[in-house]
């Protein structure tokens, strides 16, 4: 009974999130406990902000001479 094991590493996105979190803590000059609390709250506010701004696909560009 052989099972293939597939390992995926997503450390790049996690590192980017961590860098953003550290930047936010430093930029806002938060103390230790407020920074610790921001560790859990910051992703929620980023998600809520991005949910208000839906990403729309660019409009299709028709080639010259292609009319319906």
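The values are calculated or read from the model by the stated rules, or taken from the named source; none is laboratory data. Computed from a predicted structure; not experimentally measured.
Data for the structure
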quantity	calculated
Candidate set from segment 34-68 (those that are farther than 16 Å from residue 23 by Cα and assigned to a helix (DSSP H, G or I)); member that is modelled with the highest pLDDT	44
Residue check, residue 29 modelled with pLDDT of 75 or more and on the phi > 0 side of the Ramachandran plot	yes
